[in-house]
Amino acid sequence: MWKFLNKLDYLLKETFLGLLRGGWMNWAAVSTVTVLLFLFGMSLQTSWQLEKLLYQFGSQMEVSVYLDSGTSAATIEPLVTTMPDVVATKTITKEQAWSKLVKELRISDIEGATQQLGENPLVDEVKVKARNTEVVANLSTQLAKLPGVSTVQYVDEAVKRIAQLHAGLNWITLTITILLTLTAIAVTSITIRLIVMARRQEIEIMQLVGATTAWIYLPFILQGISFGIVGGAIAWSLISLVQQFLGNLLANQPEFIQFLTKGLQLTPIQILLLPLILLSFGAAVGLMGSLFAVRRFARS
């Protein structure tokens, strides 16, 4: 037990001393990893938010069913509510729609306006809330086949745009992540290599006294992992600050913006996963960079 603790103490001390000797090169490696993880974390968070927003739009999306003239919504609504993809329905009679219309047109004499047209020109409407976005198109087709239904309308352009944005963001995130990951690995590798070269004489002495290759170069690998973990922690802190700033900015916005804000909130599991992913990704990048750096020296 004491032997293990002594080895652990040695590794930690050597790792810490190596970080101190790295100077500004350490900051170069950490800042590169931070930029990588910040952009990756923001992209990942945005992707999660867009997925939730898509679901929220889908659950809030309403399909408007306009009936034939003379057909009452009371005869259609029971058929609509039995459909498995329907979450809720709301009936708007032609009288209610007409009253709302004349108020929007600022017509004070509703009865006079109705008499001039001869009769109420509108029809009953049933607003149907779909279960999710995937079933809207099929649900609209089923509703259009019901007897007494004139037209079925739904606005899916916003959802399509968000879905396209989500797909495009995923591709952009993948491309940027690959490029920045390679850059971060290269910078970490160069930093560790310079630290190894600066301690070349100490390493040769350790080799002469019989120290194993793994024992000599393990502190340098731990340094690379440290770069990644520190970069991940900084990136997570910056992402949290950005999210808090946007939350305060959108707090006093109109109702529609409030609806969007709810869609942008992460779930408790995602809030816990984000820092874990960033720290793990950063540690992996640091590990790969340090392994590339010490591989050549270990062979020589």
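Karplus-based coupling profile of the range 68-73, in residue order and whole Hz: 5, 4, x, 8, 8, 5, with θ = phi - 60° in 6.51 cos²θ - 1.76 cosθ + 1.60 and x standing for Gly or Pro. Phi angles across the range 168-183 convert, under the Karplus curve 6.51 cos²θ - 1.76 cosθ + 1.60 with θ = phi - 60°, into 3J(HN,Hα) values of x, 5, 4, 5, 5, 4, 4, 5, 5, 5, 5, 5, 6, 5, 4, 5 Hz, Gly and Pro given as x. Working note: Karplus 6.51/-1.76/1.60 with θ = phi - 60° gives the range 278-289 the couplings 5, 5, 5, 5, x, 5, 5, 4, x, 4, 5, x Hz, where Gly and Pro are set to x. Taking amide H positions as modeled 1.01 Å from N, with prolines and chain starts lacking one, the residues under 5 Å from V149 and 5 or more places away or on another chain are D68.
Quick note: the coordinates plus some simple rules give every number you see, no bench work behind them. Here the structure is a predicted model, which is why all the values come from computation and not from measurement.
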